[in-house]
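Shown next, in structure tokens, is the structure this report addresses.
The values are calculated or read from the model by the stated rules, or taken from the named source; none is laboratory data. The shown structure was predicted, so the numbers you read here are calculated from the model rather than taken from an experiment. Counting neighbours? That spans all protein chains shown, and the Cβs are built from the backbone with ideal geometry, glycine included. Just so you know, the surface numbers come from the protein's heavy atoms only, side chains and all, with ligands and any DNA or RNA stripped out. Shrake-Rupley method; radii C 1.70, N 1.55, O 1.52, S 1.80 Å.
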Amino acid sequence: MTDNTEKRGFQTEVKQLLNLLANSLYSNKEVFLRELISNASDAIDKLRFKAVQDQSVYGNDSNLHIRLSADKDKKTLTISDNGIGMTRDQICEHLGTIAKSGTAEFFKNLSGDQARDSQLIGQFGVGFYSAFIVADKVTVISRSAEAAPDQAVCWESDGTGEYTVSTVNKADRGTDVILSLKEENSEYLEDWTLRSAVTKYSDHISVPVEMLETVKPEKKDDAEENKDEKEAETAEYTEWKQINEAKALWTRSAKDITDDEYKEFYKHISHDYDDPLVWAHNHVEGAQEYTSLLYVPKHAPWDLFNREQKHGLKLYVQRVFIMDDAEQFMPGYLRFVKGVLDSNDLPLNVSREILQDSKLTSKLKSGCTKKALQMLTKMAKDENQDNYKTFWKEYGSVIKEGLVEDYENREEIFDLIRFASTHNDNSEQNVSLKDYISRMPEKQKNIYFLTAATYAAAASSPYLETFKKKGIEVLLLTERVDEWVMNQVTEYKEKKFISVTASDLELGDLEDKEEKEKQESQAKENEDFLKKVKEALGEQVTDVKVTNRLTDTPSCVIGQGNQMMTAQMRRLLEASGQKLPDEKYTLEINMDHDLVKQLAQETDESRFKDWAQLILDEAILADQGALKEPARYVKLVNSLLLHK
Ligand code: ADP
Ligand code: MG
């Protein structure tokens, strides 16, 4: 150690990560090569990008490459690149902390259950730290493209709590990552192990990966060989040989790319350990020229609903890497899509600011959105529905945001949505609007739905009674986002969405004439009774009416501001801490129910009041699952049961 050596502690999250790595990712240890080669390739991409502005950054070293070398005596494997390199400050920042937003929160979510955690950690992307899966000491020697040879930096750690940094000499620009392999990982010193891993992980990156090869000069013809045998033997030498294809995958023609190559490339850009669910590769020519290669991960990222979540595509311009996480090309509701966009039309010096308000950006965004939706639509139509089921489970509630966010593609998004429905006897979301419409009786003009807090509450809701009787299917929506979405969308293919809890429920031709007449005559006949109930309930209700939407239940309540705010919306607002004025209800009464008949017969005024209150409380309870004063309700029921 020289006197400029400094000892530093890792950020807490890094320590946690290193701990986990040692234990849980062991079965997947080969990933360290993918991560380190990927970092080397990123570093070279960054240098190339810089050179677009200023060729002089190449110095006398413009032959960019990644090199792998093993030293069997020292038991080290070195991954070298002549990319952008790191300064002392950068190395401390990049290799001592985790820069991702929400990292602390992520670690809080780990359960200690190894199988589950290692899956999560796979999605999190462990990057450089994966070196410690196979090495018990990692040394990084790096010289930034901007630093002099005596201003290189040496970083070293055994992956426990601390690392050291010191200033050293390095003749060439770039980074050497030297892994002192653990005893049991000596296979990574073997030529063939490395070669097969490298072709697997690196064929598709645009940088050559090289390994040393011993070259035996070709045997010359006998006469010559005899003449000069000795010299031929000594002429054996080693040489760096490129071992990967080194052609950016997306620039190749789709028909020449195998599924395995697509999958590997996905893992390279996403750091995911799992295969992708689907992908779509498109070369577009015409007004704009671009190539997009889009993927949907099998699992939603752990921070899908985190506002600061990094997302977006890897942006290239004319095959030069420009930036990661270019979120400008995908709408919010497709934020889980990963991939590459390579534009021929954007300027090479494009920045996030320029992208922000460029017309070209919005055209590219619209193109990429269409390609992504086509990919999803194709998956939805696939005979094998397993992938789509997985997709819907992971991303369904995000896709729904698109109904509000993306008016232009609304119809296509609607066709991707899957609902729970009264057609099923379970909570599975597998009904499309097309299915629903295909089952509609001719008389039915609207699409009926119910929003509720849970599937159980929705499925047993009294509001479904008439629909069940008439055999009309109702869509059951129980996710948080549903309430907001259903408030914004009005129709699909000229069919209106109608909440079954709406105050003036539009049944249209479904209403049968007899029923309507019966309702009207009942209302007339019981005018006095309804008035009496209303008086008994006082301020709590705005009106009391005869209903035709119930069969087995005595009563139901209709929220007042029903067009604006359903009961479910109200619950969500209240749960978020908003103060709302007390809800007033219209009480609807089922005149055919025995309890109501009994109430109508009641002559004792105070008992009439109690029964009326019971009928209202029951309706509120069925609608909301809770009462403001449950104790009062219990007392009331008890006293009525005891015939007091
Ligand atoms: P990620 O690649 O997802 O950013 P990593 O943990 O793999 O995360 O790497 C962290 C950072 O360290 C990189 O973003 C980069 O800035 C830096 N880094 C790692 N390896 C190299 C390298 N070979 N050359 C230059 N910088 C590197
Ligand atoms: Mg990385």
The whole-number value in µm²/s of the Stokes-Einstein translational diffusion coefficient for the stretch 522-642, with Rh from the Kirkwood sum over alpha carbon pairs at 25 °C and 0.890 mPa s, is 163 µm²/s
Given backbone amide H placed at 1.01 Å from N, residues whose amide H is under 5 Å from that of S358, ignoring those fewer than 5 places away on the same chain, are none
For K74, counting only lysines whose alpha-carbon sits under 29 Å away and dropping same-chain residues fewer than eight positions off, the answer is K7, K15, K29, K137, K170, K182, K200, K216, K241
For the chain, the accessible surface attributable to carbon and sulfur atoms (probe 1.4 angstrom, ligands and nucleic acids excluded) amounts in percent to 46 percent
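So for the stretch 450-561, what are the equivalent ellipsoid semi-axes in whole Å, largest first, each being the square root of 5 times an eigenvalue of the Cα gyration tensor? The partial results should precede the final answer.
On the way: eigenvalues 144, 66, 37 Å².
Rounded to whole Å, the semi-axes are 27, 18, 14.
Charges at C-beta only: +1 for Lys and Arg, -1 for Asp and Glu. How large is the resulting dipole of the chain about its Cα centre, in Debye rounded to 20? Write down the numbers at each step before the final one.
Details: 85 positive and 116 negative charges, 303 e Å.
With only Lys, Arg, Asp and Glu charged at Cβ, the dipole is about 1460 debye.
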Applied in sequence order to the stretch 453-461, the curve 6.51 cos²θ - 1.76 cosθ + 1.60 (Karplus, θ = phi - 60°) yields integer Hz couplings, x standing for Gly and Pro, of 6, 9, 5, 4, 5, 5, 5, 9, 5
To the nearest Å², the heavy-atom accessible area per residue of the stretch 281-403 with 1.4 Å probe amounts to 44 Å²
With the chain reduced to its Cα atoms and the Debye formula applied, log10 I(q)/I(0) at q = 0.08, 0.10, 0.11, 0.12 1/Å amounts to -0.75, -0.98, -1.09, -1.22
Given Cβ charges of +1 for Lys and Arg and -1 for Asp and Glu, the option among A51, L476, Q11 whose Cα lies farthest towards the positive end of the dipole of the chain is L476
Using alpha carbon positions and the Kirkwood radius, the Rg to Rh ratio of the stretch 418-510 is 0.91
Of the listed pairs K310/K393; K263/K493; K371/K470, those with alpha carbons more than 32 Å apart are K263/K493; K371/K470
Helix 386-405 sits off the longest principal axis of the Cα atoms of the chain, rounded to the nearest 10 on a 0 to 90 degree scale, by 70 degrees
Taking alpha-carbon centroids only, the stretch 483-526 lies from the stretch 597-618 a number of Å equal to 28 Å
Karplus-derived 3J(HN,Hα) from phi for the stretch 275-288 (6.51 cos²θ - 1.76 cosθ + 1.60, θ = phi - 60°), whole Hz, x at Gly and Pro, runs 5, x, 6, 8, 8, 9, 10, 9, 9, 10, 10, x, 3, 10
Note: the stretch 271-348, point scatterers on Cα, Debye, no solvent; log10 I/I(0) at q = 0.16 Å⁻¹ equals -0.61
The answer for K182, listing residues at least 5 apart or on another chain whose modeled amide H is closer than 5 Å to its amide H, is A135, D136
Note to self: C-alpha centroids of the stretch 346-409 and the stretch 289-322 sit apart, in Å, by 11 Å
By the mean-Cβ-within-10 Å protection proxy, highest first, 132-139, 591-598, 541-548 rank as 132-139, 541-548, 591-598
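Treating only the Cβ atoms of Lys and Arg (+1) and Asp and Glu (-1) as charged, compute the dipole magnitude of the stretch 418-510 about its Cα centre; round to the nearest 20 debye. Mind dumping the intermediate values first?
Values: 12 positive and 14 negative charges, 40 e Å.
Here the stretch 418-510 has a charge dipole of around 200 debye.
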Taking Rh as the Kirkwood radius computed over alpha-carbon pairs of the stretch 249-381 and applying Stokes-Einstein at 20 °C with viscosity 1.002 mPa s, one gets a diffusion coefficient in µm² s⁻¹ of 142 µm²/s
When the charge dipole of the chain is computed with +1 on Lys and Arg Cβ and -1 on Asp and Glu Cβ about the Cα centre, the Cα farthest towards its positive end, among V177, S639, S358, belongs to S639
In degrees rounded to 10, the 0-90 angle between helix 191-202 Cα long axis and the longest Cα principal axis of the chain is 50 degrees
In order over the stretch 82-95: 3J(HN,Hα) from phi, Karplus 6.51/-1.76/1.60, θ = phi - 60°, whole Hz, x for each Gly or Pro, gives 10, x, 6, x, 9, 7, 4, 5, 5, 5, 5, 5, 7, 10
Of the listed links K445/K468; K247/K370; K443/K518; K381/K434; K545/K635, those spanning more than 19 angstrom between alpha carbons are K247/K370; K443/K518; K545/K635
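Take every DSSP beta bridge with both residues inside the chain and express the antiparallel ones as a percent of the total, to the nearest 5.
80 percent
Which value, in Å², gives the accessible area per residue of the stretch 462-512 when a 1.4 Å probe is used on the protein heavy atoms?
Numbers: 2280 Å² over 51 residues.
On a per-residue basis, 45 Å².
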Amide H contacts under 5 Å for Y492, restricted to residues at least 5 apart in sequence or on another chain and with H modeled in the peptide plane, are F497
